[in-house]
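Notes to accompany the following structure.
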Amino acid sequence: MVEASEEVYSSLHRRFKGDLLRPGQSGYEDARTIWNGMVARTPGLITRCIDVSDVQLAVRAASKTGILTAVRCGGHSLAGFSTCDGGLVIDLSRMRQVMVDPETHRASIAGGCLLGSIDTVTQEAGLVFPSGVVSHTGASGLILGGGTGWLTRRFGLSCDNVAGFTLVTADGSVVRANSKENPDLFWALRGGGGNFGVVTEFEVQLHPLRSVVLAEGLTPESGIRGLLECWRDFMAEAPIELKWNIDLRLAQHTKKVLLELRGRPVASSSLIWTGDPEAGRPYLHRALAMCRPDSVSSKVMSFLDLQTMADSDFPHGRRYYTKSGYFTYLDDGTIDRLLGAVASIPSSETQIELAYLGGAAARIGADETAFGNRSSPFILNLLANWSEPSADASHVAWIRGTFNKLRPAMKPGVYINFMSGDEQDRVPEAYHERWDRMVAVKSHYDPNNFFRLNQNVPPRKPAAKSS
Ligand SMILES: Cc1cc2nc3c(=O)[nH]c(=O)nc-3n(C[C@H](O)[C@H](O)[C@H](O)COP(=O)(O)OP(=O)(O)OC[C@H]3O[C@@H](n4cnc5c(N)ncnc54)[C@H](O)[C@@H]3O)c2cc1C
């Protein structure tokens with residue numbers, strides 16, 4: 001592998017315009033780290049591209065040697081797919097241009113953007129791109145896997161708002177994919193992750209929005225069952241302007257939290273209303289009735305404040321492990337198991353995240369994009385978050401044990417962006433009836449599986465030649 005990275009370096013160093021970073025060089029240590037502290041790897045070479053031709057050079061040189069290659073936008077892959085040991089990293093962090101057309105409500109987003117880079121520029125025109133909830137997340141990985149966030153019910157998934165992709169495929173060609181050009185690839189890129197090439201540009205649809213209403217409240221352990229029953233029924237009828245997320249966790253030891261709740265199991269509700277604030281009041285009022293009255297707050301908030309409010313809850317370098325699944329309905333047995341799980345949660349930052357999709361995301365047909373199940377609106381994400389390596393085993397065991405108890409009631413399927421690195425066997429489940437079509441597109445655009453550090457869809461093996 002060392003020889004391969006040296007070979008790639010030699011073939012690039014005269015023509016490559018960005019940075020070429022090798023172990024021991026200044027800047028390498030920072031460049032090699034990714035968000036999840038559980039994944040500490042040492043690539044042989046990091047190619048920090050500044051434009052499409054740099055990406056083409058890196059892909060061609062790497063393809064020629066067969067070196068293991070990771071592609072990185074924001075480095076937030078929970079599974080750690082954006083780095084590798086000894087191989088090559090194609091790092092897009094110097095490609096963060098965003099161009100907005102306020103007339104057409106379209107934007108062009110470069111392949112290295114973080115969510116925050118997009119929000120800051122689109123808000124100058126009073127527009128939003130529906131994405132995730134933490135601004136330091138990379139946009140490319142999030143969009144390619146699907147992309148859920150506060151605006152999903154109103155405007156759809158991130159991938160539903162992409163009108164076109166430009167990418168560098170495994171042979172170094174620049175290819176466009178949209179409804180007219182390479183429509184099968186366009187279909188596969190909306191939910192298919194990093195399987196098909198390095199996306200250097202997304203052409204996306206924006207929507208007018210400057211502020212939202214944020215309402216929050218805590219429900220103590222004794223009220224969680226009632227809250228979850230209310231939530232599952234309420235959301236089925238709720239308007240698309242309302243998003244209501246619930247985190248089951250131990251209440252934080254902060255001034256914001258009532259003294260007697262701190263460190264105790266609670267359900268933390270966060271509600272966003274994206275429509276006219278007056279019209280949202282009755283809905284927020286009904287939902288907040290399930291929270292302790294003295295824990296409830298509600299305010300109008302700018303979109304940029306909304307998008308950054310959770311940033312410090314998920315810092316770089318901590319240790320994270322996750323498992324996720326969908327439910328068509330949250331039955332009473334599942335609620336019992338969730339209550340059992342929160343009572344045994346191993347640390348104060350670990351949480352059981354519950355979200356309800358539906359709305360605009362559910363209006364897209366199951367076969368219109370590669371993204372997984374849209375008919376099961378309940379998404380569960382078990383996210384362990386801790387700092388000490390000595391606590392790795394207990395956190396991972398808690399996630400696996402909790403997941404195994406909940407799994408029988410889940411609908412088969414998984415959101416690929418919430419998968420950990422040891423779940424490659426669940427990738428066919430993520431695409432189930434779309435699997436053969438995914439394999440066909442992969443076999444066409446990446447027959448040698450050059451792009452394999454991802455939720456991998458292996459290409460078909462070439463047919464043996466008859467003599
Ligand atoms: C703190 C945090 C908050 C999150 N919040 C949300 C959320 O609100 N909603 C949500 O849906 N998800 C969320 N996620 C999950 C997130 O969508 C995934 O972790 C996603 O992969 C992050 O994208 P990235 O570009 O940072 O990832 P990276 O680690 O850079 O890459 C992830 C994968 O995408 C591929 N990839 C990256 N860039 C490109 C590119 N330009 N072309 C081709 N392939 C590429 C990589 O090869 C790799 O397989 C969150 C994750 C974290 C860590």
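For the list (1) touching a residue at least 40 places away in the same chain (Cβ under 8 Å); (2) assigned to a helix (DSSP H, G or I), I need the number of the one condition that residue 428 fails.
Only one criterion in (1) touching a residue at least 40 places away in the same chain (Cβ under 8 Å); (2) assigned to a helix (DSSP H, G or I) is unmet by residue 428, namely (1).
Of all residues in the range 172-193, count the ones that are within 15 Å of the ligand (Cβ to nearest atom) and either open to solvent by 30 Å² or more (accessible area, probe 1.4 Å) or over 25 Å from residue 436 (Cβ atoms) (or both).
5
Working carefully through the options 101, 51, 91, find the one that is open to solvent by less than 20 Å² (accessible area, probe 1.4 Å) and of a type in the set (Asp, Glu).
The conditions single out 91.
Report yes if some residue within the range 353-367 is touching a residue at least 40 places away in the same chain (Cβ under 8 Å), under 30 Å from residue 173 (Cα atoms) and crowded, with 21+ Cβ neighbours inside 10 Å; otherwise report no.
No, every residue in the range 353-367 fails to be touching a residue at least 40 places away in the same chain (Cβ under 8 Å), under 30 Å from residue 173 (Cα atoms) and crowded, with 21+ Cβ neighbours inside 10 Å.
Quick one: residue 291 ticks every box in (1) surrounded by fewer than 18 Cβ atoms within 10 Å (Cβ to Cβ); (2) in a loop (DSSP other than H, G, I, E, B); (3) more than 26 Å from the chain's Cα centre (by Cα) bar one, so which box is it?
(1)
Mind listing whichever residues of the range 356-387 are farther than 14 Å from residue 156 by Cα and of a type in the set (A, V, I, L, M, F, W, C)?
Of everything in the range 356-387, those that are farther than 14 Å from residue 156 by Cα and of a type in the set (A, V, I, L, M, F, W, C) turn out to be 370, 378, 379, 380, 382, 383, 384, 386.
Quick one: in the range 63-102, which of the residues that are more than 13 Å from the ligand (Cβ to nearest atom) and not in a loop (DSSP other than H, G, I, E, B) is farthest from residue 9 (Cα to Cα)?
101
Looking at the range 23-44, which of its residues are over 23 Å from the mean Cα position of the chain (by Cα), surrounded by fewer than 19 Cβ atoms within 10 Å (Cβ to Cβ) and part of a loop (DSSP other than H, G, I, E, B)?
Answer for the range 23-44, where residues must be over 23 Å from the mean Cα position of the chain (by Cα), surrounded by fewer than 19 Cβ atoms within 10 Å (Cβ to Cβ) and part of a loop (DSSP other than H, G, I, E, B): 23, 24, 25, 26, 27, 42.
Among 148, 137, 152, which is the only one that is among the polar types (S, T, N, Q), farther than 20 Å from residue 72 by Cα and within 10 Å of the ligand (Cβ to nearest atom)?
Just one listed residue meets the conditions, 152.
The values are calculated or read from the model by the stated rules, or taken from the named source; none is laboratory data. As the structure is a computational prediction, the values presented were derived from the model and not from experiment. Here Cβ is always computed from backbone atoms with ideal geometry, including for glycine, and neighbour counts include all displayed protein chains. The accessibility values were calculated without ligands, DNA or RNA, using every heavy atom of the protein model including side chains. Shrake-Rupley method; radii C 1.70, N 1.55, O 1.52, S 1.80 Å.
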